[in-house]
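The values are calculated or read from the model by the stated rules, or taken from the named source; none is laboratory data. Since the structure is predicted, the reported quantities are computational estimates derived from the model, not experimental observations. Quick reminder, even Gly has a Cβ in these numbers, built from the backbone with ideal geometry, and neighbours come from all protein chains shown. In case anyone asks, the SASA skips ligands and DNA or RNA and just uses the protein heavy atoms, side chains included. Shrake-Rupley method; radii C 1.70, N 1.55, O 1.52, S 1.80 Å.
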Amino acid sequence: MKKGELLYRGKAKSVYRTDVPQELVVEFRDDITAFDGGKKANLAEKGMLNARVSAFFFTLLEKAKIRTHYLGMIDPATMRVRTLTMIPLEVIVRNVAAGSLVKRYPFREGQPLDPPILVIDYKDDARHDPMINDEIILALGLVTAAELQEIKQKALSVNRVLGDHLQGKGITLVDFKLEFGKDGLGNVTVGDEISMDSMRLWDARSGQSMDKDVYRFDKGDVMEAYRRVAERITGNAGGRSR
Ligand code: 5GP
């Protein structure tokens, strides 16, 4: 399998074609952005750590019979994935109130949400990813009603699998964002990444952030936090020889 032309360059990942039509290659870059790209940096080894955690979570989901695009790693920051037609929705599951939920609604930061709250944003940078509802999703023809139900159920199943694993590591899964796509057969499949850039993770004891909020809000050494949490999640201290 050979890496081909660049298909898409996002804010933190690049996607390449391969010589196999059903397979793509995703490169996790060291770029980090926040606030619609208003804050940017390049942090050595960040791509590799997010790739490692994503690969770990995708493997965990596959074991739980939840279909993902993950096929394997080519190098520590480069993943082989199934080709998907992506659905422009950000499916967010929240177990604890934080972030935009607290900003927009009268929740208290840290308030447990049981049952979890599922929120869907329309993925469109120019429109600042506005929150969307079922009626708008269906009116726009983004997915069918059955697919939308499947997406919601899958997101909640992912929440249970990730939440259980993280709880065992002393980490609270506050919230996370998933993206889904459809493969050639129309199977709804978890795509994109599941990493410190797309989740809120709090140390269960101290409540300390161990995710992109450290970067967003200058809460400390971002790479130190990413390294530590990746090691706790995957049990792999890893790293390139330094
Ligand atoms: P919030 O709506 O509070 O900003 O985000 C909720 C959760 O979804 C957080 O874990 C956040 O990191 C993730 N999230 C929301 N929007 C995006 C996005 O556009 N990109 C990424 N990588 N994560 C997002």
If Lys and Arg each add +1 and Asp and Glu each add -1, what is the summed charge of the other residues whose beta carbon sits under 9 Å from the beta carbon of residue 18? +2
Peptides ranked, highest mean first, by Cβ atoms within 10 Å: ranges 44-55, 178-189: 44-55, 178-189
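What is the extension gain from residue 164 to residue 219, computed as 0.36 nm multiplied by their sequence separation minus the C-alpha to C-alpha distance, in nm to one decimal?
On the way: separation 55, 0.36 × 55 = 19.80 nm, distance 2.62 nm.
Here the segment from residue 164 to residue 219 would lengthen by 17.2 nm.
With all protein chains present and a 1.4 Å probe, how do 169, 103, 212 order by accessible area, largest first?
On the way: 169 85, 103 180, 212 25 Å².
Correct descending sequence by accessible area is 103, 169, 212.
In Å², and per residue, what accessible area does the chain have when probed at 1.4 Å with the other protein chains present?
On the way: 12000 Å² over 242 residues.
It amounts to 50 Å² per residue over the chain.
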Using a 1.4 Å probe on the protein chains only, how many percent of the accessible area of region 3-82 belongs to carbon and sulfur? 53
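Using the structure shown, list the pairs from 13/154; 40/63; 2/39 with a Cα-Cα distance above 32 Å, or answer none. Show your work: numbers first, answer last.
Numbers: 13/154 24 Å; 40/63 35 Å; 2/39 34 Å.
Beyond 32 Å: 40/63; 2/39.
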Keeping all protein chains in the complex and leaving out DNA, RNA and ligands, what accessible area do you get for residue 161 with a 1.4 Å probe, in Å² to the nearest 10? 30
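Using alpha carbons only, what's the Rg to Rh ratio of region 128-167 with Rh from Kirkwood? Walk me through the intermediate numbers first.
On the way: Rg = 13.1 Å, Rh = 11.6 Å.
Using Cα coordinates only, the ratio equals 1.12.
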With charges set only on the Cβ (+1 for Lys and Arg, -1 for Asp and Glu), what does the dipole of region 85-231 come to about its Cα centre, in debye to the nearest 20? 400
Using a simple charge model, +1 on the beta-carbon of Lys and Arg, -1 on the beta-carbon of Asp and Glu, nothing else, what dipole does region 1-124 show about its Cα centre, in debye to the nearest 20? 60
Residue by residue, what Karplus-based ³J(HN,Hα) values in Hz, rounded to whole numbers, does region 28-45 have, using 6.51, -1.76 and 1.60 with θ = phi - 60° and x for Gly and Pro? 8, 7, 7, 6, 9, 9, 8, 6, 6, x, x, 10, 9, 7, 10, 10, 3, 6
Of the accessible area of region 85-231, with the probe set at 1.4 angstrom, what percent is carbon plus sulfur? 50
Cα-based shape type of the chain, given that a ≥ b ≥ c are square roots of the gyration tensor eigenvalues and the cut on a/c is 1.5: rounded
Quick calc: nm separation of the 7 Å Cα→Cβ label points for residue 153 and residue 208 -> 4.1
Mean-square fluctuation maximum in Gaussian network of the chain, Cα pairs under 10 Å, restricted to 118, 43, 140, hits 140
Per-residue HN-Hα couplings for region 86-98, Karplus 6.51 cos²θ - 1.76 cosθ + 1.60 at θ = phi - 60°, whole Hz, x for Gly and Pro? 6, 9, x, 10, 10, 9, 10, 10, 10, 9, 9, 6, 6
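Let me know the shape class of region 3-82, please: from the alpha-carbon gyration tensor, a ≥ b ≥ c as square roots of the eigenvalues, rounded when a/c is under 1.5, otherwise prolate if a/b is greater than b/c, or oblate. Don't jump to the answer; show the numbers that get you there.
Details: a/c = 1.96, a/b = 1.32, b/c = 1.49.
Oblate shape, in that a/c is at least 1.5 and b/c is the bigger or equal ratio.
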